[in-house]
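All remarks here apply to the structure that follows.
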């Protein structure tokens, strides 16, 4: 802008010099000066517009940079939340597997104790129809549980259903329904998962898996975004089984529910 003013000043001096030298009349000199002033005014206006455009552009760039920083922060938060969710789910399945193994150990302990109590010198009894049936049941359960252990939940569910159809009065029925609930949960079929756990809590009320089944029902209800139902289930668990490990977990979960 200073250069423009210097240029105008030089032009005015030149016009004035010419006028004083008699090259231009007063009117012509005045006209030349007015034209130069008009031209300078246009140049100044153009300069102002360019400056304003540059400032607007810089402002927009800064806004875009702020939005980019904000999006990056949100992305980092989402990644962190996803990692936390994956860890919680992994811990959940590890905990489920550990509880199933403890249940299996407790369930088989009486049979092992009975075998150990037999006299060592006694000859093995002849196989009976009952023993053959028990062996068949054991084999069928091990096959079903084998699918479950390797996370082949679709085949596990088919095999568990066949097991219950063939051995409806099996002492393993509560555990089979419980494992079916876990399998449906792993497949994100939370409604069927709830139905399997409800068989455990309604038909086998004295079974050791009942508190855990209630806790898992609440977990399914949370997955279905039915928070009031989940809160009600957790309170029921704490009320009916206050000394259970599941009740302790239920109390922590109630505190975190909003």
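The values are calculated or read from the model by the stated rules, or taken from the named source; none is laboratory data. Source: prediction; values computed, not measured. So basically every Cβ, Gly included, is an ideal-geometry build from the backbone, and we count neighbours across all protein chains shown.
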*asked:* It is to be established whether one or more residues within the range 165-176 are in contact with a helix residue (DSSP H, G or I) (Cβ under 9 Å, 6 or more places away or on another chain), in the same structural domain as residue 199 (by TED's automatic domain parsing) and surrounded by fewer than 16 Cβ atoms within 10 Å (Cβ to Cβ).
replied: yes
Picking from 223, 240, 209, 249, the residue that is closer than 25 Å to residue 151 by Cβ and over 27 Å from the mean Cα position of the chain (by Cα) would be 209
When the range 185-216 is checked residue by residue, the ones that are in contact (Cβ under 8 Å) with a residue 60 or more places away in the chain and not in a helix (DSSP H, G or I) are 208, 209
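Determine, yes or no, whether residue 182 is touching a residue at least 24 places away in the same chain (Cβ under 8 Å), buried (at least 19 other Cβ atoms within 10 Å of the Cβ), within 26 Å of the chain's Cα centre (by Cα) and assigned to a helix (DSSP H, G or I). Talk me through it step by step, then tell me what you get.
Working: touching a residue at least 24 places away in the same chain (Cβ under 8 Å): yes; buried (at least 19 other Cβ atoms within 10 Å of the Cβ): yes; within 26 Å of the chain's Cα centre (by Cα): yes; assigned to a helix (DSSP H, G or I): yes.
So residue 182 passes the test.
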Per the list (1) touching a helix residue (DSSP H, G or I) at 6+ places or on another chain (Cβ under 7 Å); (2) farther than 30 Å from residue 131 by Cα, residue check on residue 227 breaks on (1)
Expected single match for assigned to a helix (DSSP H, G or I) and modelled with pLDDT of 70 or more among 76, 86, 67 is 67
Given the conditions (1) closer than 27 Å to residue 248 by Cβ; (2) at pLDDT 95 or above, every one holds for residue 159 apart from (1)
Of the residues in the range 192-204, those that are within 17 Å of residue 158 (Cα to Cα) and surrounded by fewer than 17 Cβ atoms within 10 Å (Cβ to Cβ) come to 192, 195
